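One structure is given here, and the rest of the page talks about it.
The values are calculated or read from the model by the stated rules, or taken from the named source; none is laboratory data. Note that the structure is a prediction, hence the values are computed from the model and not measured. Virtual Cβ from ideal backbone geometry, glycine too; neighbours counted across all protein chains shown.
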Amino acid sequence: MKYNIYFDCASTVKPYPEVLKVFSDISMNDFANASSNHALGFQCSSILLRARTQVAKYLHVLPEEVIFTSGASEGNNLAIKGIAYHNKGWAKRIITTKAEHPSVLNVFKKLEEEGFDVIYLDYDEEGKLDLEELKEALKVPTSLVSVMSVNNEVGFIFPVDEIYSIVKKNSRAVVHVDATQSVTKENLNPSSYDLMTFSGHKIGGLKGSGVLVKKKNVVLDEQILGGEQENGMRAGTTPLGLDCSIATALRLSMSTQNQRREQAKKINTYLREELSKIDEIEITSKGNCSPFILSFALKLHKGSIIAESLSNMGVYVSTKSACSSREEGYSYVLKNAGYDEVIASNGIRLSFSGTEDMKDAVDFISALKEVLSSVKIKEN
């Protein structure tokens, strides 16, 4: 049977029609350079300010604290490198967790190669961070603590507000929150964090759009040199259509946050119950996890083969983070949580937008059982 089930929303979601219309209208009608010194340029600059003000309103921050980016990867690079380089004279220690997205972890690894003192915080299989380890690490002068609010692969919800309080009580460090999997899904306090990043395409916006929220008193070293766009933080001609599109996506997605969360909970709960009945499956989304993400692992089969078989039936899931899902090997998120290599190498991630029907969940279980039965027959 051929299905049409998309359970890969942590990777990306379909853009809202209104977002596409905004992007198209702006690109066609307000195409001038927002930095140009003429009437059309001034008009585009005014539209940009309106988009920035809208984003600021939805996030409860100041317009001048909103920096438009091309997405969370760029935003994370700017936030982490910007703080580390600016403060390296007095603090070479920077702190993150072992569960971060590659756009954070790989930056920390690069900085470590350059001589920075990097601490990677541990967590257990329920996603509980060792906050005593954090307190101990902060005894050395530290410039940055970077932590995701929701893990993109397993769905662990990290206590970013508690972490912020610990950091501010024990150090001068800046706190960066990667909110890519939590904006418009979890209750956040963007006005409290020093830096916060997210992408447009995860919330019904367009690929190539993103936001970095930077408190007014936080100083970064810019990473792209050139013009003075984005308050000097991101040189380059303003992509006005993309910047307006993320403002629209944020508005639409926030307006349905509660309804989508409740639907995601229902789907997640049903799937957990059904998956727990299958002996060869271990659910790896344990403890305090986002209802928008549900991960499990195959004890007897290769996760990549199961995912491919599901895809052939019109059921779309990931084996780990989409940024590394085509790479062979185990999931570092699961391995660092304490799972053995069999579990860590054969994970499946289901992720939801909260707009799916319960029928999608029922059909997924049917499709999965069909695939598992087929694999058993082939093995025999």
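If a residue counts only when it is hydrophobic (A, V, I, L, M, F, W, C), which helices (runs of 4 or more DSSP H) contained entirely in the range 278-359 have at least 3 such residues?
Values: elements: 303-312, 332-336, 341-345.
Where helices (runs of 4 or more DSSP H) fall fully within the range 278-359 and carry at least 3 residues being hydrophobic (A, V, I, L, M, F, W, C), they are 303-312, 341-345.
Can you give me the ranges of the strands (runs of 3 or more DSSP E) entirely in the range 80-175 with at least 3 residues that are out of contact with any Cys (no Cβ under 9 Å at 6 or more places or on another chain), outside the structural domain of ILE203 (by TED's automatic domain parsing) and farther than 27 Å from MET233 by Cβ? Show your work before the answer.
Numbers: elements: 93-97, 117-121, 142-148.
Where strands (runs of 3 or more DSSP E) fall fully within the range 80-175, none carries at least 3 residues being out of contact with any Cys (no Cβ under 9 Å at 6 or more places or on another chain), outside the structural domain of ILE203 (by TED's automatic domain parsing) and farther than 27 Å from MET233 by Cβ.
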Report task. May I ask you to list the residues in the range 145-161 that are under 16 Å from ALA337 (Cα atoms) and charged (D, E, K, R)? Result -> GLU153
Query raised in the report: Just wondering, is there one or more residues in the range 42-50 that are polar (S, T, N, Q), touching an Asp or Glu at 6+ places or on another chain (Cβ under 9 Å) and in a loop (DSSP other than H, G, I, E, B)?
Result: no
Query raised in the report: Has the range 218-229 got at least one residue that is of a type outside the set (Asp, Glu) and at positive phi?
Result: yes
Query raised in the report: Looking at this structure, is LEU59 assigned by TED's automatic domain parsing to the domain that holds CYS244, under 22 Å from LYS207 (Cα atoms) and touching a Ser or Thr at 6+ places or on another chain (Cβ under 7 Å)?
Result: no
Query raised in the report: Quick one: what pairs do we get from the range 126-141, first residue at pLDDT 95 or above, second among the aromatic types (Phe, Trp, Tyr) and part of a helix (DSSP H, G or I), C-beta under 6 Å, 6+ apart or different chains?
Result: none
Requested in this report: Given the conditions (1) surrounded by fewer than 23 Cβ atoms within 10 Å (Cβ to Cβ); (2) out of contact with any helix residue (DSSP H, G or I) (no Cβ under 6 Å at 6 or more places or on another chain), report the number of the one that GLN181 does not fulfil.
Outcome: (1)
Report task. Sort through GLU100, GLU74, GLU64 and tell me the only one that's modelled with pLDDT of 95 or more and surrounded by fewer than 16 Cβ atoms within 10 Å (Cβ to Cβ). Result -> GLU64
Report summary line: Of the residues in the range 129-171, those that are touching a Lys or Arg at 6+ places or on another chain (Cβ under 9 Å) and of a type in the set (Ser, Thr, Tyr) come to THR142, SER143, SER171
**Report entry** Hits in the range 21-42 - residues which are under 24 Å from the mean Cα position of the chain (by Cα) and either surrounded by fewer than 17 Cβ atoms within 10 Å (Cβ to Cβ) or at pLDDT below 95 (or both)
**Finding:** none
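Could you say which residue among GLU308, GLU356, GLU273 is at pLDDT 95 or above and surrounded by 14 or more Cβ atoms within 10 Å (Cβ to Cβ)? Spell out how you get there, then give the answer.
Values: GLU308 fails: surrounded by 14 or more Cβ atoms within 10 Å (Cβ to Cβ); GLU273 fails: surrounded by 14 or more Cβ atoms within 10 Å (Cβ to Cβ).
Of the residues listed, the single one that is at pLDDT 95 or above and surrounded by 14 or more Cβ atoms within 10 Å (Cβ to Cβ) is GLU356.
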Query raised in the report: Any idea which residue in the range 144-178 is surrounded by the fewest Cβ atoms within 10 Å (Cβ to Cβ), counting only those that are closer than 15 Å to VAL333 by Cβ and of a type in the set (D, E, K, R)?
Result: GLU153
Report summary line: Of the residues in the range 218-257 that are of a type in the set (D, E, K, R) and in a helix (DSSP H, G or I), the one that is surrounded by the fewest Cβ atoms within 10 Å (Cβ to Cβ) is ARG251
Query - Members of the range 1-26 found to be in contact with a strand residue (DSSP E or B) (Cβ under 7 Å, 6 or more places away or on another chain) and either under 19 Å from SER199 (Cα atoms) or of a type outside the set (Phe, Trp, Tyr) (or both), listed by number - result: ILE5, PHE7, ASP8, CYS9, ALA10, SER11
Query raised in the report: Taking into account only those residues within the range 27-52 that are in contact with a strand residue (DSSP E or B) (Cβ under 9 Å, 6 or more places away or on another chain) and among the aliphatic types (A, V, I, L, M), which is farthest from GLY210 (Cα to Cα)?
Result: LEU48
Query - Subset of the range 1-20 that is modelled with pLDDT of 95 or more and under 17 Å from VAL371 (Cα atoms) - its residue that is farthest from the chain's Cα centre (by Cα) - result: TYR3
